[in-house]
1. So what is log10(I(q)/I(0)) for region 97-157 at q = 0.19, 0.20, 0.21, 0.30 1/Å, when the Debye sum runs over its Cα atoms only?
2. Tell me, what is the per residue accessible area of region 1-153 in Å², probe radius 1.4 Å?
3. Could you compute how fast the chain diffuses translationally, taking Rh as the Kirkwood radius over C-alpha pairs and applying Stokes-Einstein at 10 °C with viscosity 1.306 mPa s? Give it in µm² per second.
4. Using a probe of 1.4 angstrom, how much of the accessible area of the chain is carbon and sulfur, in percent?
Amino acid sequence: MTRRSGAATKAGILEAALARFAEDGYERATIRAVAADAGIDPAMVMRYFGSKERLFAAACEVDLGLPDLRGAPRDEVAAALVRHFLSHWEPGESLPVLLRAGVTNAQAEERLREVFAAQVMPAVAALTPDPRRVGLISAQLLGMALCRYILKFPPLTTMTREEIVAAIAPAVHRFFDLDNEEKT
């Protein structure tokens, strides 16, 4: 048996956990199943993460890496935000797992809220200080993601990324209210 470094073991656990949470959801995923998937003893999972909650938080760490859109042309801001947001919903990403679990689990719901409060809200608030508009933009983005990636509603599932951008960006643009901001 080949020994893995601590970093490799931890990375293997996180990879297995993300896949297990994606497949089984938060409630049905177990430490034992994650350990089996990672090819290690369950005690190792507990050694590195201490609890299922902490394992979930680590596996679902999300860095949206939102660009600073303040310098972007006003008519391209919404499309750039939607396009960037869509790039984080591909298979293997933690955001779909977090959204799926956030619908039924209070800890995942709080984690999802933290991601949006710490990452989306400041980026959007830099362009529109009205917190209601920030909430509406977040609702538009999450609603689209829920329907396309979690619930898999047709025709959203068959649309290309650019078709989604073209369809959603005008609504997001309205929520930014960038056109009215220029007139004041």
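The values are calculated or read from the model by the stated rules, or taken from the named source; none is laboratory data. These figures come from a predicted structure and were not determined experimentally. Just the protein is used for accessible areas: all its heavy atoms, side chains included, with ligands, DNA and RNA removed. Shrake-Rupley method; radii C 1.70, N 1.55, O 1.52, S 1.80 Å.
1. Once normalised to I(0) and log-transformed, intensities are -0.75, -0.81, -0.86, -1.16.
2. Values: 7960 Å² over 153 residues.
Each residue of region 1-153 exposes 52 Å² on average to a 1.4 Å probe.
3. It diffuses with D of about 89 µm²/s by this estimate.
4. Numbers: 5570 of 9940 Å².
The value for the chain is 56 percent carbon and sulfur by accessible area.
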